[in-house]
Amino acid sequence: MGSLLLAISGLNFLGLGVQPPTAEWGLMLNDGRPFLRSAPQLMIYPGLAISLALIGFNLLGDGLRDALDPRLR
């Protein structure tokens, strides 16, 4: 799930994903790029959201694997 989220965000950042007015984190990052010096929060918040979602999905997957894998017992 994390890899998929990162791939979709990367494609949207490059302009190869869904088109506006659909809100996507990669598209938000790309739209905030020209304003990096004057309004850095336009890139910080979507980047943080992507990072937190990736960490959350990875931790969830690790927890499920630890709980459900019979070979680890």
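Helix 41-68 and the longest principal axis of the C-alpha atoms of the chain enclose an angle of approximately 10°. Arranged from fewest to most other beta-carbon atoms within 10 Å of their beta carbon, ARG71, ARG65 become ARG71, ARG65.
Approximating the spin labels as points 7 Å out from Cα along Cα→Cβ, the SER51-to-ALA67 distance works out to 2.7 nm. Dipole magnitude for segment 22-73: about 120 debye, using +1 per Lys or Arg Cβ and -1 per Asp or Glu Cβ, origin at the Cα centre.
Put in order of Cβ neighbour count within 10 Å, fewest first, the listed residues SER3, SER38 become SER38, SER3. Which entry in (i) 18, 52, 29, 2; (ii) 14, 44, 36, 6, 0; (iii) 20, 39, 23, 12, 6, 1 is this structure's computed P(r) over Cα pairs in 10 Å bins from 0, in percent? Matching entry in (i) 18, 52, 29, 2; (ii) 14, 44, 36, 6, 0; (iii) 20, 39, 23, 12, 6, 1: (iii). Inter-label distance, GLN41 to LEU4: 3.2 nm, where each label sits 7 Å from its Cα along the C-beta direction.
No value in this document is a laboratory result; all are computed from the given coordinates. Computed from a prediction, not measured in an experiment: that's the story for all the values here. Cβ: placed from backbone, ideal geometry, glycine included. Neighbour counts: every protein chain shown.
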